[in-house]
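What follows is one structure encoded as structure tokens, with my remarks underneath.
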Amino acid sequence: LQDYEKLIISKLTDFNPRELANTLWAFATLNHTPDDGMLQKMEGEVVAKLTDFNSQELANTLWAFAKLNHTPDDGMLQKMEGEVVAKLTDFQPHGSSPMRLWAFATLNHTPGRAGCCKDGGELNHTPDDGMPEKMEGEVVAKLTDFNPQNLANTLWAFATLNHTPDDGMLQKMEGEVVAKLTDFNSQDLANTLWSVSIFCYELSFFDDFHSRLAEFHCYDFSPAGLSQLYQAHMVAETFQWPFVLPTGLLEAAKQHQMRASEIVRTSHFQRQVHTELVKMDYSAELEYRTPDGMFSLDIRVVHGEDDLAVEADGPSHFAINKQVQLGHTKLRNVMLEARGYTVVSIPYYEWDSLASTIERQSYLCAKLTGAQGKATR
């Protein structure tokens, strides 16, 4: 394939949009990641010819970048977003529409929002603030043509980007999900249940999901899928929804979630925050495991009657083009608050702007003071 890469590079300027999109799609389908130099050259050609891309070519290109775990620069994503908006009604339900949403979510790029880049610089292009709502309209218009994977991936994409559709859309999507539930595979079920947990949306047909899940064994689910299922179970318990996982699946998912919580990586950012808290004479404990063993707090601070979960939230907790938390971080906060902790988020972009120990300690003092008395238990 490296020989093909060299040949492609030599002829790249002659490629039309379909050839560019299909080349990227082929590499992604083969799970072959070209070197960064080639991908950057392909980015340049895509941008140069972007207005000539049709809806399917845009979707294939976004999907390929996401599948290859290659994040184009924010300028390119903003330009692609503009083309998506311009050609929104051309996207097809079987493939391009859910594929595009999935790609934006996998790249942690929130469509339709201006804000801050992952490097902290201001965006030069202010996209259409109504794009998420336009996406909702497109999905609703073509919903009956969605297959189970389309439905699950669309819900997963909205949830990952922490964008909650309105109740009317969720009710329509729930109807389509229930109508096609017998065709949902294990990953579709896990994605759907995890997504509605992010939305804090109570399904009307939990019994149907329980029955469908009972047809699977725990080994039918990926490790990530088991985590999704147990997180959905915990949300259902928190809000007292009438949903429980089948017994065998529940135990397997619980054990997996507990094992996952034992894998901790203490970041330099986290240690910096902890060091400043200790200097301020707070009782601060790194990587504190909750009594039920389900979560590890970055830093636990017990201050008087307040039990605080101080979370050093790095770039992985935010969209790359907006200072907004992603769905998995929202879910973490809900679960920690249900356990009686007050979550104090320390966003990396705020911390990085503080130049001295005095500034950092003043910032932390304000954060912790503001959180006092807000515990839920």
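The values are calculated or read from the model by the stated rules, or taken from the named source; none is laboratory data. All values derive from a computational prediction rather than experimental measurement. FYI the Cβ positions are ideal-geometry reconstructions off the backbone, even for glycines, and counts take in every protein chain you see. Keep in mind that these areas ignore ligands, DNA and RNA; they rest on the heavy atoms of the full protein, side chains included. Shrake-Rupley method; radii C 1.70, N 1.55, O 1.52, S 1.80 Å.
Assorted remarks:
- Failed item in (1) open to solvent by less than 20 Å² (accessible area, probe 1.4 Å); (2) in contact with a strand residue (DSSP E or B) (Cβ under 8 Å, 6 or more places away or on another chain); (3) of a type outside the set (Val, Ile, Thr), with HIS274 passing the rest: (1)
- Residue within the range 240-261 that is among the β-branched types (Val, Ile, Thr) and open to solvent by less than 70 Å² (accessible area, probe 1.4 Å) present: no
- Considering only residues in the range 161-178 that are within 13 Å of VAL196 (Cβ to Cβ) and not in a helix (DSSP H, G or I), the one that is least open to solvent (accessible area, probe 1.4 Å) turns out to be PRO165.
- Residue check, THR266 more than 17 Å from the chain's Cα centre (by Cα), among the polar types (S, T, N, Q), surrounded by fewer than 19 Cβ atoms within 10 Å (Cβ to Cβ) and closer than 30 Å to GLY314 by Cα: yes
- First in the range 259-279 and in contact (Cβ under 8 Å) with a residue 12 or more places away in the chain, second anywhere and open to solvent by 40 Å² or more (accessible area, probe 1.4 Å) and assigned to a helix (DSSP H, G or I), Cβ under 8 Å, 6 or more apart: ALA260/PRO223; GLN272/ARG360; GLU276/THR357; GLU276/ARG360; GLU276/GLN361; LYS279/THR357; LYS279/GLN361
- Scanning the range 291-309 for residues that are open to solvent by less than 10 Å² (accessible area, probe 1.4 Å) and either free of Cβ contacts under 8 Å to residues at least 60 places away in the same chain or part of a loop (DSSP other than H, G, I, E, B) (or both) yields GLY293, MET294, LEU297, ILE299, ALA309.
- Contact map, the range 317-332: first residue touching a residue at least 40 places away in the same chain (Cβ under 8 Å), second residue small (Gly, Ala, Ser) and in a loop (DSSP other than H, G, I, E, B), Cβ cut-off under 7 Å, separation 6 or more or different chains; pairs are ASN321/GLY115; LYS322/GLY115; GLN323/GLY115; LEU326/ALA319.
- Residue check for GLN187: open to solvent by 20 Å² or more (accessible area, probe 1.4 Å) and free of Cβ contacts under 8 Å to residues at least 12 places away in the same chain: no
- Residue list for the range 317-352, restricted to those being part of a helix (DSSP H, G or I), over 28 Å from ASP281 (Cβ atoms) and among the hydrophobic types (A, V, I, L, M, F, W, C): LEU331, VAL334, MET335, ALA338
- When LEU203 is tested against the conditions (1) surrounded by 18 or more Cβ atoms within 10 Å (Cβ to Cβ); (2) part of a helix (DSSP H, G or I), the lone failure is (2).
- When ARG271, ARG265 are checked against the criterion of being out of contact with any helix residue (DSSP H, G or I) (no Cβ under 9 Å at 6 or more places or on another chain), among the basic types (Lys, Arg) and part of a helix (DSSP H, G or I), ARG271 stands alone in meeting it.
- Per the conditions (1) assigned to a helix (DSSP H, G or I); (2) without any contact (Cβ under 8 Å) to a residue 12 or more places away in the chain, the sole criterion not satisfied by ALA355 is (1).
- Test: MET335 is within 22 Å of CYS200 (Cβ to Cβ) and either in contact with a helix residue (DSSP H, G or I) (Cβ under 7 Å, 6 or more places away or on another chain) or open to solvent by 60 Å² or more (accessible area, probe 1.4 Å) (or both): yes
- Test: residue in the range 24-37 that is part of a helix (DSSP H, G or I), open to solvent by less than 50 Å² (accessible area, probe 1.4 Å), at pLDDT below 80 and within 30 Å of ALA159 (Cβ to Cβ): no
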